[in-house]
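Asks: Next up is a structure, given as structure tokens.
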Amino acid sequence: MKLVASEPYSRLAELHCAGCGSAYSPFVLQRVSPCCQLPLVAGYDLQEPLSRDAIEQTDSSMWRYGALLPLLHSENKVTLGEGLTPLLQLPRLAARYELASLLLKDEGQNPTGSFKARGLSMAISKARELGVEGCIIPTAGNAGVAMAAYCARAGLRAVVVMPRHTPKAFKEECYWYGAEVELVDGLISDCGARVRQRNADGALLDISTLKEPYRLEGKKTMGYEIAEQLGWQLPDVLLYPAGGGTGLIGIWKAFQEMKALGWLAPHTPLPRMVAVQAANCCPLLETYQGRQPNCQHYQGQATLANGLAVPHPLGEALMLRVLQESEGTVVSISEEDMLAGMRELGRQEGLFVAPEGAAVWMATRQLLASGWLRPNERVLLLNTGSAQKYLDNVAGRALE
Ligand SMILES: *Cc1c(COP(=O)(O)O)cnc(C)c1O
Ligand SMILES: [Zn+2]
């Protein structure tokens, strides 16, 4: 079956099942794949040449890569200026730890304070394009806030289901955007069960990580930006705090697409990808190291890094594939080390990063100490959020 986009704006061509590869139409509303109940992944027509001139240079948001995004009609775009975040040098930490180059992409500078803005801008734009009237999401915090904001902007109903223990700032921000918020005892997996129950009739679109195909496409723009900001070169190692894994999977997808398009500088090797998890909830690490066949029965605990408290990620197999293809690895970080990382990034570089971003820095130190990372390598850290909303949990811990 050959599927063709209705407008030249997007090269979107098909959706395929991450399990068996079956193709589905990208022009009607889809959720998970009907065949395997696994994520559907967007594919583009990359055969026809497309030069880097297709990048809309006047657009200083992630939408500058519109030709490689799934939105068909630009009037459906729901944007708050997400993306094109700064790629910062960390010279003081690089000198201290003898790294050739240490960069941090600061996703905390996105609308709503995290990189979730990218995925939700994309997903809500597509929801509007496909005629959806309302959306529902189980969330550890940031995704719910971002969904509430973009739904407000699109005039869609928003239902956010989050753990009761989530810091107050996340709940408050959802209320200010006019979302309906339900609190659940437990982790995001318990919120997911509640969403399935509450939305049994399917009246709302379930925006759970990888249960609709388009958040992933928003997240992949980080990969395009990293290459563009580095003059179409890539770092040797890229560290990412993995919960549901959309960023890890999406960035790798962007690298593959750019390779197919011939956008990368000649002979640019792709980075080794590192998934960083919280020691309190590290299902990927347990599977990667062979202590369980998969994450299905993993028991996770809450962590300061809410975004990493995802015990049963639907995209586990996709994440493992990225680690294997890129010759990457998985690392887990304790709660105390996240706080130590926040202090070090704050004091040395003037950055107030989310515990997830601090975990990524501490993972770098761990991999340097073990020799997996060599001092002459160029390292890129993804800081996924700002620490502002986590203050309930970290207040008073700066001076230890
Ligand atoms: C959601 C979140 C993550 C994890 O992102 P995934 O795409 O689920 O892997 C990491 N950091 C922060 C701050 C988050 O909000
Ligand atoms: Zn399938």
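The values are calculated or read from the model by the stated rules, or taken from the named source; none is laboratory data. Bear in mind that the values here come from a model prediction, so they are computed numbers and not experimental data. Positions of Cβ are generated from backbone atoms using ideal geometry, with glycine treated the same way; all protein chains shown enter the neighbour counts. We work out accessible area using only protein heavy atoms, side chains counted, and drop any ligands, DNA or RNA first. Shrake-Rupley method; radii C 1.70, N 1.55, O 1.52, S 1.80 Å.
Asks: Just checking, how many residues over segment 161-176 are open to solvent by 20 Å² or more (accessible area, probe 1.4 Å), free of Cβ contacts under 8 Å to residues at least 40 places away in the same chain and within 22 Å of the chain's Cα centre (by Cα)? Before you say what the answer is, go through the steps one by one.
Replies: Residues of segment 161-176 open to solvent by 20 Å² or more (accessible area, probe 1.4 Å): 164-165, 168-169, 171-173, 175-176.
Of the ones still in play, those that are also free of Cβ contacts under 8 Å to residues at least 40 places away in the same chain are 164, 171-172, 175-176.
So of that shortlist, the ones also within 22 Å of the chain's Cα centre (by Cα) come out as 171.
Residues in segment 161-176 being open to solvent by 20 Å² or more (accessible area, probe 1.4 Å), free of Cβ contacts under 8 Å to residues at least 40 places away in the same chain and within 22 Å of the chain's Cα centre (by Cα): 1 in total.
Asks: Counting only residues that are out of contact with any helix residue (DSSP H, G or I) (no Cβ under 9 Å at 6 or more places or on another chain) and in contact (Cβ under 8 Å) with a residue 60 or more places away in the chain, which one in segment 177-191 is least open to solvent (accessible area, probe 1.4 Å)?
Replies: Leu187
Asks: Let me ask something else about it. Can you name every residue in segment 194-211 that is in contact (Cβ under 8 Å) with a residue 24 or more places away in the chain and more than 16 Å from ligand 2 (Cβ to nearest atom)?
Replies: The answer is Arg194, Val195, Arg198, Asn199, Ala203, Leu204, Leu205, Asp206, Ile207, Ser208, Thr209.
Asks: It is to be established whether one or more residues within segment 301-314 are free of Cβ contacts under 8 Å to residues at least 12 places away in the same chain and touching an Asp or Glu at 6+ places or on another chain (Cβ under 6 Å). First the steps, then the outcome.
Replies: Kept after step one, since they are free of Cβ contacts under 8 Å to residues at least 12 places away in the same chain, are these residues of segment 301-314: none.
Scanning segment 301-314, I find no residue that is free of Cβ contacts under 8 Å to residues at least 12 places away in the same chain and touching an Asp or Glu at 6+ places or on another chain (Cβ under 6 Å), so the answer is no.
Asks: Checking the conditions here, which among Ala140, Ala158, Ala146 is open to solvent by less than 30 Å² (accessible area, probe 1.4 Å), part of a helix (DSSP H, G or I) and in contact with a helix residue (DSSP H, G or I) (Cβ under 8 Å, 6 or more places away or on another chain)?
Replies: Ala146
Asks: Output the number of residues of segment 260-288 satisfying the condition of being within 23 Å of Ala358 (Cα to Cα) and not aliphatic (A, V, I, L, M).
Replies: The total comes to 9.
Asks: Would a scan of segment 94-105 turn up a residue that is within 16 Å of ligand 1 (Cβ to nearest atom) and in contact with a helix residue (DSSP H, G or I) (Cβ under 8 Å, 6 or more places away or on another chain)?
Replies: Keep residues of segment 94-105 that are within 16 Å of ligand 1 (Cβ to nearest atom), which gives 104-105.
Then keep just the ones that are in contact with a helix residue (DSSP H, G or I) (Cβ under 8 Å, 6 or more places away or on another chain); that gives 104-105.
Yes; the residues of segment 94-105 include at least one that is within 16 Å of ligand 1 (Cβ to nearest atom) and in contact with a helix residue (DSSP H, G or I) (Cβ under 8 Å, 6 or more places away or on another chain).
Asks: Being in contact with a Gly (Cβ under 6 Å, 6 or more places away or on another chain), at pLDDT 95 or above and more than 19 Å from Gln30 (Cβ to Cβ) narrows it down to one of Gly108, Gly81, so name that one.
Replies: Gly108
Asks: So is Val132 open to solvent by less than 10 Å² (accessible area, probe 1.4 Å) and either more than 16 Å from ligand 2 (Cβ to nearest atom) or within 16 Å of Leu216 (Cβ to Cβ) (or both) or not?
Replies: no
Asks: Return yes or no: is Ala227 in a helix (DSSP H, G or I), among the small types (Gly, Ala, Ser), away from ligand 1 (no atom under 12 Å from the Cβ) and touching a residue at least 60 places away in the same chain (Cβ under 8 Å)?
Replies: no
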